[in-house]
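K.L.:
I'd like to ask some things about the structure below.
A short reminder: the numbers here are calculations on the coordinates, not readings from a lab. What you see is a predicted model; the values in this text were computed from it and never measured. Methodologically, a virtual Cβ is constructed for each residue, glycine included, from the backbone with ideal geometry; neighbour enumeration extends over all protein chains shown.
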Amino acid sequence: MTKSQFPKDFLWGGATAANQIEGAFDLDGRGLATSDMTIFDEGDGSDFTFDVGQEALTEYLAHPERYNFPKRRGIDFYHRYQEDIALFAEMGFKVYRMSISWSRIFPTGEELEPNEKGLAFYDKVFDELLAHDIQPLVTLSHFDMPLHLVQTYNGFESREVIAHFVRYAEVLFKRYQHKVKLWMTFNEINMVLTSPYTCSGVISENSELSDYQLKYQATHHQFIASALAVKKCHEIIPDSRIGSMMCRLENYAESTKPADVLQTLHEDHFNYFYSDVQVKGEYPYYMTRFFQDYNIEIKMEADDLAILKDGVVDYLSLSYYMTYVMRDRGEEKPQPNGSLIATIKNQHLASSEWGWPIDPVGFRITLNRLYDRYGVPLFIAENGLGAKDVVAADGSVNDDYRIDYLSQHIEQMREAVADGVDVFGYTTWGPIDLISSSKSEMSKRYGFIYVDQDDYGNGTLARSRKKSFDWYKQVIASNGDQL
Ligand code: BGP
């Protein structure tokens, strides 16, 4: 039998995001958020609909009754958090990663005083978690910001939004300083390249900047916002740890052809850029040439570079779902791949029903590469399998495929820990079924807990334990020994 390699105090748990679970989108003073505007899309499963353009936004605002907005409903965590947290506790969670809905605290983003009802809701959630010995880990912004900031400033295109974000972060740090010691700034910050509206509140038609100029300028503003938040967090909660979070898609070269390998290196850089800045506190050398090649000029203020240096994160967290295959695209000047779904199939890997390649060994490689590059503690903020579960006549869900996926990944994480990588926690994505990010589906399920709701919002919302529930409980109880 394998002996556990995980540290005694390893943080096992699960991760969610406010916009995918809470519902109650118009209760207790909450303002409209970017995530409220994404609709359920019945397409072929290959495209991503969570980026909203101006035309769609205008239409959704004018005729909300015509559209199915699943994220506005979530899974009603707003009213059922006690039951859900009790189930997390039953599995033995040590940590619960969640996010706060910015527009619950600042409905437009521009108020000077926060909405007390919004703050009070999270007080209750944190108290409930702590009563069950579960540590909250809070993401300040998980694919979510007040819609008003998009309409007024085009999101993080504008430098003005930095101050609004930092005010929001400061309010949270002060209010929850005794309850929350673990924080993250932006969820999957590198996804701005694929999903600028979702990540940064940016709509390209509303900008005079070119596509790359806009994305990298918004990124810069988010870097500054994040670094300032890190600094505030350290000042207000000295015993806290605050990290950055990136979507890490490991890249393999399709062949040993040097041009394929070079393309892989470029793609790695386009993603490492985000963690390089947040962990090392400086712009990396390789972006200079890219910026020159595409005439990108990042507007900075005099002390921006010092702010970045001053606001480096305590740890790096990542989501890990799959790996990519890279091929030389014959471009004179490299540019980011810009697609989330792997376009070149890896013949050695099976895929999920949504075409996401399943690669547990890639997880070990990813963890080693990141630790090698940064030498800071790593936290796995997301990992999991989206699948269409079938409820048997007796109400059970026998999700052996999910158990297989997770046990193989945890095994590789254990190997990485044995390799010497400092990993201090692991939260599976969606421990309870929730609304998917990319297509606002309910039927793409990740949970150990089944939620009775379909893509159209029909169902009782009742919670029930799947087969994987007891399995994960045993994983946690054995500290990763029994997979
Ligand atoms: C990540 C997001 C999550 C989550 C997950 C799964 O990119 O941080 O919010 O949803 O992916 O993606 P999906 O819901 O599209 O299956």
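K.L.:
Let me know the shape class of the range 379-483, please: from the alpha-carbon gyration tensor, a ≥ b ≥ c as square roots of the eigenvalues, rounded when a/c is under 1.5, otherwise prolate if a/b is greater than b/c, or oblate.
P.N.:
Note, shape of the range 379-483 comes out prolate.
K.L.:
Let me ask something else about it. Could you work out how far apart the two model spin labels at E235 and L61 are, taking each label as a point 7 Å from the Cα in the direction of the beta carbon, and quote it in nm?
P.N.:
Going from the E235 label point to the L61 one covers 3.4 nm.
K.L.:
Is it possible to state the helix-based mean residue ellipticity at 222 nm for the chain, with each DSSP H run of 4+ residues giving -39500 (n - 2.57), the sum divided by total residues, to the nearest 500 deg cm²/dmol? What is it? Mind dumping the intermediate values first?
P.N.:
Values: 16 runs with 186 residues, N = 483.
Dividing the helical sum by the residues of the chain leaves -12000 deg cm²/dmol.
K.L.:
Tabulate in residue order the Karplus-calculated ³J(HN,Hα) for the range 70-78, using 6.51 cos²θ - 1.76 cosθ + 1.60 with θ = phi - 60°, rounded to whole Hz; enter x for Gly and Pro.
P.N.:
x, 5, 6, 8, x, 10, 6, 4, 3
K.L.:
Ok, one more. Would you mind ranking S204, S464, S103 so that the residue whose beta carbon has the fewest other beta carbons within 10 Å leads the list?
P.N.:
On the way: S204 17, S464 14, S103 29.
With the fewest neighbours first, S204, S464, S103 line up as S464, S204, S103.
K.L.:
Also, quick follow-up: Tell me, what does the Kirkwood hydrodynamic radius of the chain come to in angstroms if you use every pair of distinct C-alpha atoms? Before the final figure, lay out each step's value.
P.N.:
On the way: mean 1/r = 0.0443 Å⁻¹.
Result for the chain, one decimal place: 22.6 Å.
K.L.:
Starting from the range 388-483, pick out the trypsin sites (Lys or Arg not before Pro) whose DSSP state is loop and whose Cβ has at most 11 other Cβ atoms within 10 Å.
P.N.:
Values: sites: K388, R402, R414, K439, K444, R445, R463, R465, K466, K467, K473; in loops: K388, K439, K444, K466.
For trypsin sites (Lys or Arg not before Pro) across the range 388-483 that sit outside H, G, I, E and B with at most 11 neighbouring Cβ atoms in 10 Å, the list reads K388.
K.L.:
Do any GluC sites (Glu not before Pro) in the range 187-251 lie in a loop, going by DSSP, with at most 16 other beta-carbon atoms within 10 Å of their beta carbon, and if so which?
P.N.:
Here the sparse-neighbourhood loop sites are E208.
K.L.:
In what sequence do I162, I365 fall when counting other Cβ within 10 Å, fewest first? Numbers along the way, then the final one.
P.N.:
On the way: I162 21, I365 15.
Lowest count first: I365, I162.
K.L.:
Sorted from fewest to most neighbouring beta carbons within 10 Å, what does the list H221, H266, H132 look like? Show your work: numbers first, answer last.
P.N.:
On the way: H221 25, H266 20, H132 16.
Ascending number of Cβ neighbours within 10 Å: H132, H266, H221.
K.L.:
If one computes the Cα centroid of the range 201-238 and of the range 68-136, what distance in Å separates the two points?
P.N.:
The range 201-238 and the range 68-136 have Cα centres separated by 24 Å.
K.L.:
Do me a favour and compute the ellipsoid semi-axes for the range 241-378 from its Cα gyration tensor, root of five times each eigenvalue, largest one first, whole Å.
P.N.:
On the way: eigenvalues 149, 85, 28 Å².
Over the Cα atoms of the range 241-378, the semi-axes work out to 27, 21, 12 Å.
K.L.:
Which of rounded, prolate, oblate describes the range 177-282, given a ≥ b ≥ c as roots of the alpha-carbon gyration tensor eigenvalues and a/c under 1.5 marking rounded, otherwise prolate only if a/b is larger than b/c?
P.N.:
Cα axes put the range 177-282 in the oblate bin.
K.L.:
Could you tell me how far the Cα centroid of the range 246-319 sits from the Cα centroid of the range 447-465, in Å?
P.N.:
Each part reduced to its Cα centre gives a spacing of 39 Å.
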